[in-house]
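The block underneath contains the structure these notes are about, expressed in structure tokens.
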Amino acid sequence: MNEREKLLKNWENLKLQIKNENDNISELAFNTWLKPLKIGNVENDTIFILIPPELAGDDGTGTAIIKKNYSSKLKIALSEYLNKIYNVEFAEEDSSYNYDFNLSNEKLSSLQRSNINPRYTFGNFVVGPNNELAVSAAKAVVEKPGFAFNPLFIYGGPGLGKTHLMHAIGYSIIKNDPSKIVRYVTSEQFTNEVVDSILNQSTQKMRNIYRSVDVLLLDDVQFIIGKEQTQNELFNSFNELYGQNKAIVLSSDKPPKDMKTLDERMQSRFEMGLTADITPPDYETRMAILRQYANTKDFEVNDEVIQYIASNISSNIRELEGALNKVYARKNFINEEITVSVAEEAIRDIIKESEPRKITPDLIISEVAKYYETSKESITSKKRTKEIVIPRQVSMYLCRELTDTPFAEIGKAMGGKDHTTVMHGHKEISNELSTNAALREDIDNIKKKIIPNQ
């Protein structure tokens, strides 16, 4: 019997115990605030308590009262009952959260062990031209884990749905076959486990855990760059799993070929299956995302407001949902009808942040430095090493191509270089581009960083 099953079995008694051990909880307070609460999921070291919508209140007042008066009491009682310290978090009881509670106990247990969040499913993932390939590939992995597109490498900017898609893969595989051992982990968590295993002399135990899974879902893999021991452990576990036809799904903010200091053998492994990108959603997809989010949250928002938000925010899904939350908050807190003018006022600061970047030599130098994994100070210094010369000349070239800045002003931005030096750097890159395909690709990638969504 897992933790959630134990809590469900004794939940009503536990609530009565809290009442009996606290003289300040009256019968009325108990019936109003404690009795309606339900057990949600148990994820890692956190127990989710579900609050009925009518108790939470439209403005969240009920939730605030419960958190203030009963959070610590619940934490103590539940931790004592399970003989382990747990955190307690509250969530409003809704259909999206309870989607997984109709599953069998076996499937629920599998979800818990795998770190899969059952909120993220294919059913609530909006598909558009920006993510069709990634979604199709993800569903193919579910149908034939370990044989279809192995490994699947999903990449794209923040807030575009990579993590959602990875959880959806894990959720669907477990739903189809709860005996499958699925493990979702971020690269940061994986690195921490490597470090802990070294400190505790339990490296073999960690290897056994990762090499016995049926499906490995590794999120934000770009963060293993520069971590030699982590890369080595991942490389060996990857080979072991791949050799056994176990499914491997990875996500990153960039494709493997753009991860400049990634171990070559690791890069080649990442590119063995299918690499699929997710780009910012187009207008129609943004509209669909907003409508679905409004339905999930039971927001009553007219099409004009949805259209206004979709027209003005295009960077990622998180910003779209955040904008809709801000608009709806005004209705709750100020009791205003949601109109386009109300929406304009509510998300004015978000739209301002989303305006196109002003392209300046300083911005270009910074982006070039990030791409070549060096520093802005090195590019503008007097160093003449090979590692610095290329980024410096690329910066000079892009400053001239993407701005109207004169050579002399570019020279000042480059650390006080003479205008003839800038002209020479620009000419060198221009000539090289005609024959060097790799350099052309680098320039194109840097331009995408400087002018996103172009």
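The values are calculated or read from the model by the stated rules, or taken from the named source; none is laboratory data. No experiment lies behind these values; they were computed from the predicted model shown. As a convention, Cβ positions derive from the backbone with ideal geometry for all residues, glycine included, and neighbour counts pool all protein chains shown.
Just to be sure before I move on: is residue 324 outside the structural domain of residue 231 (by TED's automatic domain parsing), hydrophobic (A, V, I, L, M, F, W, C) and either part of a helix (DSSP H, G or I) or out of contact with any Gly (no Cβ under 6 Å at 6 or more places or on another chain) (or both) in the structure I sent? For residue 324, the condition - outside the structural domain of residue 231 (by TED's automatic domain parsing), hydrophobic (A, V, I, L, M, F, W, C) and either part of a helix (DSSP H, G or I) or out of contact with any Gly (no Cβ under 6 Å at 6 or more places or on another chain) (or both) - is met. Looking at the stretch 337-454, the helices (runs of 4 or more DSSP H) lying wholly inside it that each contain 1 or more residues that are closer than 28 Å to residue 314 by Cα sit at 340-346, 348-354, 361-371, 386-402, 437-450. Within the stretch 413-429, residues that are surrounded by 14 or more Cβ atoms within 10 Å (Cβ to Cβ) have Cβ atoms under 6 Å from residues that are part of a loop (DSSP other than H, G, I, E, B) and modelled with pLDDT under 95 in these pairs: 414/380; 415/380, counting only partners at least 6 apart in sequence or on another chain.
So which residues in the stretch 90-115 are under 18 Å from residue 5 (Cα atoms) and either modelled with pLDDT of 85 or more or among the acidic types (Asp, Glu) (or both), if there are any at all? Passing the criteria: 100, 106. Looking at 174, 224, 198, 181, can you tell me which residue is among the aliphatic types (A, V, I, L, M), surrounded by fewer than 18 Cβ atoms within 10 Å (Cβ to Cβ) and touching a Ser or Thr at 6+ places or on another chain (Cβ under 8 Å)? Selected residue: 181, the only one of 174, 224, 198, 181 that is among the aliphatic types (A, V, I, L, M), surrounded by fewer than 18 Cβ atoms within 10 Å (Cβ to Cβ) and touching a Ser or Thr at 6+ places or on another chain (Cβ under 8 Å). Would you check if there is a residue in the stretch 176-192 being within 20 Å of the chain's Cα centre (by Cα), basic (Lys, Arg), outside any loop (DSSP other than H, G, I, E, B) and on the phi < 0 side of the Ramachandran plot? Yes, there is a match, as at least one residue in the stretch 176-192 is within 20 Å of the chain's Cα centre (by Cα), basic (Lys, Arg), outside any loop (DSSP other than H, G, I, E, B) and on the phi < 0 side of the Ramachandran plot.
Quick one: how many residues across the stretch 442-454 are touching a residue at least 60 places away in the same chain (Cβ under 8 Å) and either loosely packed, with under 13 Cβ neighbours inside 10 Å or out of contact with any Ser or Thr (no Cβ under 8 Å at 6 or more places or on another chain) (or both)? Number satisfying all stated conditions: 7.
Pairing residues of the stretch 172-191 that are in the same structural domain as residue 250 (by TED's automatic domain parsing) and more than 22 Å from residue 124 (Cα to Cα) with residues that are of a type in the set (S, T, N, Q) and in a helix (DSSP H, G or I), at Cβ distances under 6 Å and at least 6 apart in sequence or on separate chains, gives 191/230.
Considering only the stretch 380-421, state which residues are among the acidic types (Asp, Glu) and modelled with pLDDT of 90 or more. Result: 401, 409, 418. Identify, by number, the condition in (1) in a helix (DSSP H, G or I); (2) buried (at least 19 other Cβ atoms within 10 Å of the Cβ); (3) touching a strand residue (DSSP E or B) at 6+ places or on another chain (Cβ under 9 Å) that residue 209 doesn't meet. It fails just one condition, (2).
Assess whether residue 242 counts as being modelled with pLDDT of 90 or more and over 22 Å from the mean Cα position of the chain (by Cα). Considered against the rule, which asks whether it is modelled with pLDDT of 90 or more and over 22 Å from the mean Cα position of the chain (by Cα), residue 242 comes out as yes.
Cβ-Cβ distances below 8 Å connect the following pairs, each with a first residue in the stretch 313-326 that is within 18 Å of residue 125 (Cβ to Cβ), a second residue that is charged (D, E, K, R) and modelled with pLDDT of 85 or more, and a separation of six or more residues or different chains: 320/286.
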